[in-house]
1. Which is of a type in the set (Phe, Trp, Tyr) and touching a Pro at 6+ places or on another chain (Cβ under 8 Å), of B:214, B:206, B:183?
2. Counting residues that are touching a His at 6+ places or on another chain (Cβ under 8 Å) and either more than 28 Å from residue A:68 (Cα to Cα) or within 14 Å of another protein chain (Cβ to nearest Cβ) (or both), which helices (runs of 4 or more DSSP H) fully inside segment B:152-217 reach at least 1?
3. If you check residue A:180 against the conditions, is it under 29 Å from residue A:16 (Cβ atoms), assigned by the TED database to the domain that holds residue A:27, among the basic types (Lys, Arg) and part of a helix (DSSP H, G or I)?
4. So for segment B:153-167 (the condition being open to solvent by less than 50 Å² (accessible area, probe 1.4 Å) and either among the small types (Gly, Ala, Ser) or more than 30 Å from residue A:146 (Cβ to Cβ) (or both)), does at least one residue qualify?
5. For residue B:252, all conditions in the list (1) within 11 Å of chain A (Cβ to nearest Cβ); (2) part of a helix (DSSP H, G or I); (3) modelled with pLDDT of 90 or more hold save one; what is the number of the exception?
6. Considering segment A:69-98 alone, what residues qualify as being more than 8 Å from chain B (Cβ to nearest Cβ), under 30 Å from residue B:245 (Cα atoms) and either assigned to a strand (DSSP E or B) or among the charged types (D, E, K, R) (or both)?
7. Just the residues that are open to solvent by 70 Å² or more (accessible area, probe 1.4 Å) and over 21 Å from the mean Cα position of the chain (by Cα), please, taken from segment B:102-140.
Amino acid sequence: MSAVVAFPRPRAASDEAPVVEVRSLRRRFGERSVLDGVELTVGAGEFVSIIGKSGCGKSTLLRLVGGLDTPSEGTIRRDPSLNLVFQDARLVPWRNVWRNVTLGLRGEPLQRRDGARRVLAEVGLEDRIDDWPATLSGGEAQRVSFARALLAEPRLLLLDEPFGALDALTRIRMQNLIARLQRDHGFAALLVTHDVEEAILLSDRILVTRDARIAAEHHVTLPRPRHRTDPSLLPLKQALLADLGIADA
Amino acid sequence: MSVRSDTIIRVGVPVVLVLAWQAAVSSGILPDNYASSPAGVVEALATLDERNLLWPSLGTSLARAAVGFLIGGSLGVFFGTLVGLSVRAETVLDATLQAFRVLPHFALIPLLLIWFGIGEQPKIALIALASFFPIYINLYKAIRGIDPRLSELAAIQKLDRWQTLRDITLPGALPGLLIGVRFALAGAWLSLIVAEQFNAHSGIGFVTMQARLFSQISTIVACLVLYALVGILIDVGVRLIERRTIAWHASERAR
């Protein structure tokens with residue numbers, strides 16, 4: 001069988017080149033290997049989640065893919081249009097909302113502000129365009145950071161536990177938002193999370209990291225939109241929890 | 001306690017003190033030729049104005065402080081930015097500059113007098129020295145203190161060097177810089193007073209020295225009042241600039 005079976009084409013299937021290709025990746029901190037022999041391919045438009053216990057190297061993997069860290073060994077190829085959403089919204093406190101959204105963008109201020117307005121409307125924050133970051137709630141700030149990440153239409157979005165710092169209700173709303181944004185924009189996503197349900201709701205494919213490597217892979221074939229109350233999510237949930245070493249009766 | 005009664009007390013204490021001072025002199029408890037009196041000070045200011053000394057002297061002193069502050073402050077901004085941004089510049093410069101900092105700059109007065117003579121230059125050099133270090137240190141520390149997570153953001157957003165400087169580094173260091181400016185202005189003003197004690201031919205310090213020769217207590221106290229008033233005005237001015245330029249900072253603190 002060809003590699004197509006091992007890494008099936010995503011639903012936004014196309015012949016486009018993969019947006020991430022990681023080969024024989026190793027990352028050492030001192031004597032300890034946090035990642036050891038990681039192989040990873042993310043196809044165009046594919047939503048891949050990485051789950052694992054804390055300290056298993058999943059965030060390190062994402063930072064390496066994002067270019068914020070350098071591998072000890074191995075190669076990483078990535079789509080240069082990538083953007084990354086951090087766990088904290090990471091807004092620049094001394095720039096108002098629209099200047100945060102257009103950070104790094106060149107061009108006339110009026111045009112940039114219009115661009116910001118367009119993406120802010122998509123995350124429902126058009127009316128906060130001139131506000132200071134400090135006046136936003138946690139969920140709003142994270143939506144602004146999504147708008148910033150989407151502005152340049154990246155083909156790859158890296159998500160580093162982007163809902164981890166939010167309360168449970170806000171998290172649900174944000175998960176629905178990212179599902180909608182991905183449907184509308186068709187970017188590929190690599191999501192690091194420790195929330196099994198979140199991974200199932202959003203992903204085409206879920207990878208489980210353990211002992212510095214990718215230990216398991218699950219394809220999620222459930223139709224979309226997915227609902228967190230849907231009982232057909234349960235078998236996969238149990239399988240993932242088992243992979244994570246959590247016995248759930 | 002309410003804000004209003006706080007304000008009344010804040011303003012009331014100095015007013016009561018001034019009234020007590022006047023009362024003590026008027027009643028003869030305090031000899032007039034030792035401590036003057038508020039009325040005497042006002043009179044002395046009026047006399048200075050009549051002799052066309054008040055505003056020109058104030059102008060001369062302010063100009064000295066301004067020139068010294070601008071020279072010292074610009075150097076402080078330059079070196080503070082350089083050492084803040086570059087680890088290499090820090091290695092080369094910081095230890096040396098810090099060594100100079102622990103030296104009280106008034107100790108350099110004899111040297112400055114020999115180098116520059118007794119004209120304007122040693123005065124301005126002294127003021128410049130006093131302005132340099134607060135700005136240098138506060139700006140350098142402020143640049144180093146910027147949240148390192150923001151440089152990750154800069155990398156992700158593909159900011160170039162100039163954009164990073166303009167959008168992240170410099171605005172992030174602005175509150176620190178303004179703290180430095182406040183200290184520098186206070187230092188400049190203090191150094192002006194010291195500098196005008198040696199060989200001034202104009203300025204408030206010169207007026208003070210003249211008054212001392214003729215034992216004009218009221219004029220001396222009037223000059224002290226002038227120094228104090230200008231000092232307060234400068235501080236208020238910097239606070240206003242702070243409030244204007246770092247609006248985001250206020251909202252950050254109000255969180």
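The values are calculated or read from the model by the stated rules, or taken from the named source; none is laboratory data. All figures in this text were calculated on a predicted structure; none of them were measured in a lab. Counting neighbours? That spans all protein chains shown, and the Cβs are built from the backbone with ideal geometry, glycine included. Ligands, DNA and RNA are excluded from the accessible area calculation, which covers all protein heavy atoms including side chains. Shrake-Rupley method; radii C 1.70, N 1.55, O 1.52, S 1.80 Å.
1. B:183
2. On the way: elements: B:161-164, B:170-195, B:204-213.
By residue number, B:170-195.
3. Values: under 29 Å from residue A:16 (Cβ atoms): yes; assigned by the TED database to the domain that holds residue A:27: yes; among the basic types (Lys, Arg): yes; part of a helix (DSSP H, G or I): yes.
Answer is yes for this residue.
4. Of the residues in segment B:153-167, the ones open to solvent by less than 50 Å² (accessible area, probe 1.4 Å) are B:153-154, B:156-157, B:159, B:163-165, B:167.
Filter once more, so that each one left must be either among the small types (Gly, Ala, Ser) or more than 30 Å from residue A:146 (Cβ to Cβ) (or both): B:154.
Within segment B:153-167, one or more residues are open to solvent by less than 50 Å² (accessible area, probe 1.4 Å) and either among the small types (Gly, Ala, Ser) or more than 30 Å from residue A:146 (Cβ to Cβ) (or both).
5. Of everything listed in (1) within 11 Å of chain A (Cβ to nearest Cβ); (2) part of a helix (DSSP H, G or I); (3) modelled with pLDDT of 90 or more, residue B:252 misses just condition (3).
6. Within segment A:69-98, just A:85 meets the criteria.
7. Within segment B:102-140, B:110, B:111, B:114, B:115, B:116, B:118 qualify.
This table checks each residue for (1) within 25 Å of residue A:104 (Cβ to Cβ); (2) outside any loop (DSSP other than H, G, I, E, B); (3) at pLDDT below 95.
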position	(1), (2), (3)
A:11	no, no, yes
A:15	no, no, yes
A:33	no, yes, yes
A:37	no, yes, yes
A:48	no, yes, no
A:55	no, no, yes
A:59	yes, yes, yes
